[in-house]
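J.: Below is a structure I'd like to ask you about.
The values are calculated or read from the model by the stated rules, or taken from the named source; none is laboratory data. For clarity, every value in this text was computed on a predicted model and none was experimentally measured. All Cβ positions, glycine included, derive from the backbone under ideal geometry; neighbour counts span all protein chains shown.
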C-alpha cells in the first residue's frame with residue numbers, strides 16, 4: 001500500500017526527533033505486583049523526551065515485537081530514561097530479566113506530550129496504574145516552575161510501584177488520615193495523595209476521580225479558573241476524568257493507552273476516533289498523540 005501524504009509528512013517531521021539507540025541497562029528495580037522500573041542509558045531519547053512521550057523498546061533479541069512504554073523520568077545530563085512496566089506477556093517478562101550492562105534497542109522519544117497552559121496555575125495530575133509514569137514526568141517538569149502549584153493524585157488496585165511515605169505537606173481539604181504519598185514527589189515538595197479500593201493504610205478509599213472531586217469542591221470559583229487536568233491510565237478511568245472535567249468546566253488533556261505495532265505512524269493499528277474542527281477523524285495514538293484533548297476523544 002502506498003503511503004498517504006499525511007504519513008509522508010509525519011515521517012519527515014519526525015526524522016530528526018525519533019532516535020534508535022543501543023541502550024545499556026543501568027538498573028532494574030522490582031516492586032510488588034510484578035512491577036518493574038528499568039533505567040536505560042539512552043542519551044538522545046533522554047535529551048529530547050517530553051512529559052507524555054514514550055519509548056518503543058525491544059524486550060529481547062528473540063522477540064521481534066517491541067513494547068511501547070511511557071517514559072517516567074529522564075536525565076539529559078546523565079543520559080538516562082526510566083520506564084515502569086508490569087510483566088504481562090512474554091516480552092515484558094523477558095525485559096524484567098535484564099541485568100545491568102545488558103543492551104536493549106530503544107526507539108524514542110515518540111509522540112506528542114502534555115502542553116500545560118501558560119495561564120493556569122493549578123495543574124491537577126491524575127494517574128492510574130501504568131498511567132502513573134507520565135504524571136511523574138510531568139510533575140518533575142512542573143516542580144521548578146514558580147508560577148504553577150500542581151497537585152498529584154494516583155490510584156492503583158495493586159501495591160503502588162514506588163516507595164511511599166506519610167506526607168507532611170498540608171492538605172486542608174482532606175481528612176488527616178489520608179496521608180500516604182509518593183516519597184519522590186514529597187521530596188520535590190509536590191502535594192500528592194494516593195487512592196485505592198483495596199483498603200491500603202493512609203490511602204483514600206475510592207476512585208481517583210472521587211478524590212479529585214473532593215479537592216475541586218474545596219476551591220472557590222476564582223481558584224477553579226486556575227485549574228487544568230492532565231491524566232493517563234486505563235480507558236474507563238480516562239472517561240471518568242473527562243466527565244469530571246466537563247462537570248467542573250475545566251480543560252483536560254489525556255494520554256491514551258492503545259496496542260501498537262510499529263509505534264511510529266506507519267501501520268495505523270492504534271487509531272482512535274477524535275472530534276476535530278472538520279468533524280470526526282481517525283488519529284494515530286502513537287504519533288498524533290498519545291496526548292489528546294479529553295473532550296475531543298470522550299464525548300458526553
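J.: Whether any residue in region 60-77 is assigned to a loop (DSSP other than H, G, I, E, B), at pLDDT 95 or above, more than 19 Å from residue 255 (Cα to Cα) and under 19 Å from the mean Cα position of the chain (by Cα) is what I want to check. Step through it out loud before you land on a result.
T.: Within region 60-77, the subset assigned to a loop (DSSP other than H, G, I, E, B) is 61-62, 64-66, 76-77.
Now drop any that are not at pLDDT 95 or above, which leaves 76-77.
Of the ones still in play, those that are also more than 19 Å from residue 255 (Cα to Cα) are 76-77.
With the extra rule that they be under 19 Å from the mean Cα position of the chain (by Cα), the set shrinks to 76.
Looking through region 60-77, at least one residue is assigned to a loop (DSSP other than H, G, I, E, B), at pLDDT 95 or above, more than 19 Å from residue 255 (Cα to Cα) and under 19 Å from the mean Cα position of the chain (by Cα).
J.: Among the residues that make up region 108-120, is at least one of them over 20 Å from residue 50 (Cβ atoms), touching a residue at least 24 places away in the same chain (Cβ under 8 Å) and either touching a helix residue (DSSP H, G or I) at 6+ places or on another chain (Cβ under 8 Å) or not in a helix (DSSP H, G or I) (or both)?
T.: no
J.: Go through region 45-78 residue by residue and tally those that are in contact (Cβ under 8 Å) with a residue 60 or more places away in the chain, farther than 20 Å from residue 232 by Cα and touching a strand residue (DSSP E or B) at 6+ places or on another chain (Cβ under 9 Å).
T.: Within region 45-78, residues that are in contact (Cβ under 8 Å) with a residue 60 or more places away in the chain, farther than 20 Å from residue 232 by Cα and touching a strand residue (DSSP E or B) at 6+ places or on another chain (Cβ under 9 Å) number 3.
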